[in-house]
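The values are calculated or read from the model by the stated rules, or taken from the named source; none is laboratory data. Computed from a prediction, not measured in an experiment: that's the story for all the values here. In this analysis, Cβ positions are derived from the backbone assuming ideal geometry, glycine residues included, and neighbour counts consider all displayed protein chains. Protein only, heavy atoms only, side chains kept; ligands, DNA and RNA dropped before computing areas. Shrake-Rupley method; radii C 1.70, N 1.55, O 1.52, S 1.80 Å.
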Amino acid sequence: MQYRVPPHRLRRLSIVLYANGARNFLYIGVTPLGCSPSLLSTFLLGAKDSNGCLTDINTLSYNHGLSLLNLVNQLRLNYTDATFSFLDYYAAYTQVIGNSSSYGFSNTLQACCGAGPLFPYRYNPLLFCNALSTTTLDTLCANPNTFINWDGIHFTHKFNFVIFNLTVNAGSYLNPPNAFSTCMPSM
């Protein structure tokens, strides 16, 4: 299970883990949350950027990533016998949404499964993706591989695959870029 901990609390947690023997740490930033169908459908009149995402919420997401990277850099200075890596999920997501067609996505802001096309961003918290909504109400999109968002909160398998390849496999949006080199089989 993934937990989101504010950077100021994460520092204390990291120190406790280090004191108990942990030496390899991976910190993952948040995505541009203003691109989430759940938030887009809640704040319909919010200011949007060129990708159609909520600017105010994305500013918070971006600043969270900066704080997290600053924490990683501080920990590296103080605990030189440990490895602290940062995955910039915000930047990787921005790369994909800004170049969506080159990754095969034609629908970047709507949910594939859940409320269906009659609702803004195909999202409604009362019609969350489940057997009723997909079979009886017929709200499942025709091709999930063209969507970034699965149900307005979670991502599609294809989007996760693309992000994995951009980050872990290619080393992009990782600090340091070779963070997973010892985990990968040699070719």
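Quick notes on this structure:
- Of all residues in segment 45-59, those that are open to solvent by 70 Å² or more (accessible area, probe 1.4 Å) and either among the β-branched types (Val, Ile, Thr) or in contact with a Pro (Cβ under 6 Å, 6 or more places away or on another chain) (or both) total 1.
- Only listed residue being buried (at least 16 other Cβ atoms within 10 Å of the Cβ), assigned to a loop (DSSP other than H, G, I, E, B) and at pLDDT 90 or above, chosen from Ile148, Ile153, Ile163: Ile153
- Scanning segment 1-16 for residues that are basic (Lys, Arg) and either modelled with pLDDT of 85 or more or within 15 Å of Gln74 (Cα to Cα) (or both) yields Arg9, Arg11, Arg12.
- Residue in segment 104-117 that is assigned to a helix (DSSP H, G or I) and either within 24 Å of Cys141 (Cβ to Cβ) or in contact with a Ser or Thr (Cβ under 7 Å, 6 or more places away or on another chain) (or both) present: no
- Some residue of segment 9-23 being open to solvent by less than 60 Å² (accessible area, probe 1.4 Å) and within 13 Å of the chain's Cα centre (by Cα): no
- Here Ala91 does not fit the description of being open to solvent by less than 60 Å² (accessible area, probe 1.4 Å) and over 20 Å from Cys35 (Cα atoms).
- Within segment 108-130, the set of residues being out of contact with any Asp or Glu (no Cβ under 9 Å at 6 or more places or on another chain), buried (at least 19 other Cβ atoms within 10 Å of the Cβ) and under 24 Å from Thr55 (Cα atoms) comprises Thr108, Leu109, Gln110, Tyr121, Arg122, Asn124.
- Among the candidates Leu45, Leu39, Leu71, the residue that is more than 16 Å from Pro120 (Cα to Cα) and either more than 12 Å from the chain's Cα centre (by Cα) or assigned to a helix (DSSP H, G or I) (or both) is uniquely Leu71.
- Of the residues Ala115, Ala92, the single one that is aliphatic (A, V, I, L, M) and in contact (Cβ under 8 Å) with a residue 60 or more places away in the chain is Ala92.
- Segment 60-80: number of residues that are open to solvent by 70 Å² or more (accessible area, probe 1.4 Å) and either in contact (Cβ under 8 Å) with a residue 24 or more places away in the chain or in contact with a helix residue (DSSP H, G or I) (Cβ under 6 Å, 6 or more places away or on another chain) (or both): 4
- Here Asn178 fulfils each of the conditions (1) surrounded by fewer than 19 Cβ atoms within 10 Å (Cβ to Cβ); (2) modelled with pLDDT of 90 or more; (3) of a type in the set (S, T, N, Q) apart from (2).
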